[in-house]
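The block underneath contains the structure these notes are about, expressed in structure tokens.
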Amino acid sequence: MAIGAGLLVFVLLLFGLKGCLDSRKDGAFEDYVREVSALIRESSGQSDALFALLTDSGGASEVEITNQLNAFGVQAEQLVVRAKATDHPDETDTAHGYLVETLEFRRDGVRAIVTELPTVLTASGDQADGIDTIARAMAYLSTSDVIYETRARAVLRQALEDADLSLALPDESIFLQEVDLLQPDVVADRIAGIGGGAGSADDEAAAPGLHGNGLVSVSLGGQALEPGASATLPLSGDLAFEVQVANQGENTETGVNVTVTIGEGGDAVTLEQPLDEIAAGETKAVEIPVTDQPPTGQNVPVKVEIETVPGEEMTDNNVGEYSVIFTQ
């Protein structure tokens, strides 16, 4: 009888211990699902805020937009750090790995947008490279959505079923709210809506009266450049562009950048020189030295641009395109 009673007590202890372990395990699952839900809600909230900014900046200045973007970058990184530090049951190892990967893709996409968008908003030259970078960043965000739904959430659902738990899954989460933004031309249109595009003018900041500068002429090394014609010039240490700019408005303009782009694509050389002040009706020359050696023995496209000023409405005469063959 004593042995039987001892066995009964032992069995009861085993059942009690198993019950405690099961309860702890269930609690660990519940805590983990709760934390995943919190991370995903914050990530989705960040998506709402980011795309609200990309849809309508609310009249925010470029500095204010940049500050908001920087805050998004910090938040995205913090979510990754929190996810990596989250305790989770061993049974959710795979699902957790996909969760971290989801948030890393979102962080990397947001980082690229944070880095590139302010540059594109303030660019006075070709925006194509920056716009392509932002479109690729959107692809990172789209990838994060696929990983979360088909990997992280799906594998977590299976882990809960295997553990015979009926916990509610974390919400669905689509970070990239507009798949059209995978297309560079759509990105370009959206950016134009945010900041008015490269070199755009803030009409409210403009003084009364007409505003605007025009490109009068361009010469290189003393030789005039003509649109549609190719000029041949030997390279030298003192080779420089001379750009004639005319103020065709009724106001003195200040801090106008003149940009020369030699070549195209990733190998292009961009030169810039500010025009500190130009009075109404005045024509001024801006000298821009060629500081980097361009390709030789071939036609090289040259683009000259005068930055638009606040209140400027006609910008067709702000840009000139030429072709130059540089020789040794």
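Assorted remarks:
- Any hit, region 69-81, residues being of a type in the set (Asp, Glu) and either over 17 Å from Thr115 (Cα atoms) or without any contact (Cβ under 8 Å) to a residue 12 or more places away in the chain (or both): no
- Qualifying residue in region 168-180 (condition: surrounded by fewer than 20 Cβ atoms within 10 Å (Cβ to Cβ) and either farther than 29 Å from Arg190 by Cβ or not assigned by TED's automatic domain parsing to the domain that holds Leu103 (or both)): yes
- One residue from Asp48, Asp93 being closer than 24 Å to Ala139 by Cβ, of a type in the set (D, E, K, R) and assigned to a helix (DSSP H, G or I): Asp48
- Within region 58-90, being assigned to a helix (DSSP H, G or I), closer than 30 Å to Phe29 by Cα and not small (Gly, Ala, Ser) holds for Phe72, Val74, Gln75, Glu77, Gln78, Leu79, Val80, Val81, Arg82, Lys84, Asp90.
- The set of residues in region 86-107 that are polar (S, T, N, Q) and surrounded by fewer than 21 Cβ atoms within 10 Å (Cβ to Cβ) comprises Thr86, Thr94.
- Residue in region 121-140 that is over 17 Å from the mean Cα position of the chain (by Cα) and without any contact (Cβ under 8 Å) to a residue 24 or more places away in the chain present: no
- Conditions (1) of a type in the set (Val, Ile, Thr); (2) surrounded by 14 or more Cβ atoms within 10 Å (Cβ to Cβ); (3) over 17 Å from Leu69 (Cβ atoms); number of the one not met by Thr150: (2)
- Qualifying positions in region 202-233 - charged (D, E, K, R) and at pLDDT 90 or above: Glu226
- Single residue of Tyr98, Tyr32 found to be modelled with pLDDT of 95 or more, assigned to a helix (DSSP H, G or I) and in contact with a Ser or Thr (Cβ under 8 Å, 6 or more places away or on another chain): Tyr32
- Filter result (out of contact with any Gly (no Cβ under 9 Å at 6 or more places or on another chain) and either at pLDDT below 90 or surrounded by 16 or more Cβ atoms within 10 Å (Cβ to Cβ) (or both)) within region 236-253: Gly237
The values are calculated or read from the model by the stated rules, or taken from the named source; none is laboratory data. Treat the numbers as computed from the prediction; the structure is a model and nothing was measured. So basically every Cβ, Gly included, is an ideal-geometry build from the backbone, and we count neighbours across all protein chains shown.
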